[in-house]
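What follows draws every value from the coordinates through simple rules; no lab data is involved. Since this is a predicted model, take the numbers as computed values, not measurements. Cβ: placed from backbone, ideal geometry, glycine included. Neighbour counts: every protein chain shown.
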Amino acid sequence: MNTEKLLECVQLTKQYGIKHAVDHMDFVLEPGHITGLLGPNGSGKTTLIKMAAGLLKPTGGEIRILGEAPGVRSCSLISYLPDRVYLPKTATAASLIEYYLDFYEDFDAARADRMIRDLGIDPDQQIRALSKGTVEKVQLILCMSRRASLYLLDEPIAGVDPAARDYIIRTIIGNYNPGSSVLISTHLIQDVENILTDIVFIRNGQVILHDTKEGVREHTGKTVDQYFREVFACWGG
């Protein structure tokens, strides 16, 4: 397997006033992994993902995508799904597919169109007319229809019903290139645990555990969800 460092954080820090959202974090993600980024509210998950996506600049340390600081080249390598709705309300799924096709060389329009229709979503209906869960499905489809090196998914299943979660999880596992990696931030660990290969626990902006899923189960005798609840049982948020 290619062991090149796809995502690397070296003493990565993001500070707001005296508060450290990310605090001297060291972290490496190699190709071929689906990694759960897990921690309580306020632990730094979204801040880390935004720095990897190039939307926030570090206060200190470094973050690298294939050896380079986030920039124009990394934008062509990363497919990012934020934790909130970002699509224009007057756009339609069909128009968004055309937009992504023009904007991203690695976008598979046929794949996106097929998934939109498989879900029974009217491609000509405006985003403002769709339910929140349906909009989140459209956003995920657009994200996962790229042939990216790194997928950054911030709470991809938080706002949808359990049946839709199953579809979204199948979409994630079925549409990413095995030579790429997926970093998933989520609170719904039980729902995604089966597809994870690795887990990262973060607290106060620091990595407190980075292991394979099977390593966690072997060392603790618990599922990732059970161990997470134990580790963060007394953590507010």
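Looking for something in contact with an Asp or Glu (Cβ under 9 Å, 6 or more places away or on another chain), more than 28 Å from ILE173 (Cα to Cα) and crowded, with 21+ Cβ neighbours inside 10 Å - is there at least one such residue anywhere in the stretch 22-29? Looking through the stretch 22-29, none of the residues is in contact with an Asp or Glu (Cβ under 9 Å, 6 or more places away or on another chain), more than 28 Å from ILE173 (Cα to Cα) and crowded, with 21+ Cβ neighbours inside 10 Å.
The residues of the stretch 80-124 that are surrounded by fewer than 15 Cβ atoms within 10 Å (Cβ to Cβ), farther than 22 Å from SER180 by Cα and touching a strand residue (DSSP E or B) at 6+ places or on another chain (Cβ under 6 Å), listed by number, are THR90, ASP124.
Within the stretch 185-192, not a single residue is small (Gly, Ala, Ser) and free of Cβ contacts under 8 Å to residues at least 60 places away in the same chain. Against the numbered list (1) in contact (Cβ under 8 Å) with a residue 60 or more places away in the chain; (2) more than 26 Å from GLN15 (Cβ to Cβ); (3) of a type in the set (Gly, Ala, Ser), ALA52 comes up short only at (2).
If we keep just the residues of the stretch 31-63 that are outside any strand (DSSP E or B) and more than 15 Å from the chain's Cα centre (by Cα), which is nearest to GLY17 (Cα to Cα)? Once the filter is applied, the top-ranked residue is THR59. The set of residues in the stretch 118-161 being part of a strand (DSSP E or B) and over 15 Å from the mean Cα position of the chain (by Cα) consists of GLN126 alone. In summary, helices (runs of 4 or more DSSP H) completely within the stretch 162-237 and bearing 2 or more residues that are crowded, with 20+ Cβ neighbours inside 10 Å occur at 162-175, 224-231.
Among the residues that make up the stretch 74-86, is at least one of them part of a strand (DSSP E or B), farther than 24 Å from LYS132 by Cβ and either among the small types (Gly, Ala, Ser) or out of contact with any Cys (no Cβ under 7 Å at 6 or more places or on another chain) (or both)? Yes, the stretch 74-86 contains a residue that is part of a strand (DSSP E or B), farther than 24 Å from LYS132 by Cβ and either among the small types (Gly, Ala, Ser) or out of contact with any Cys (no Cβ under 7 Å at 6 or more places or on another chain) (or both).
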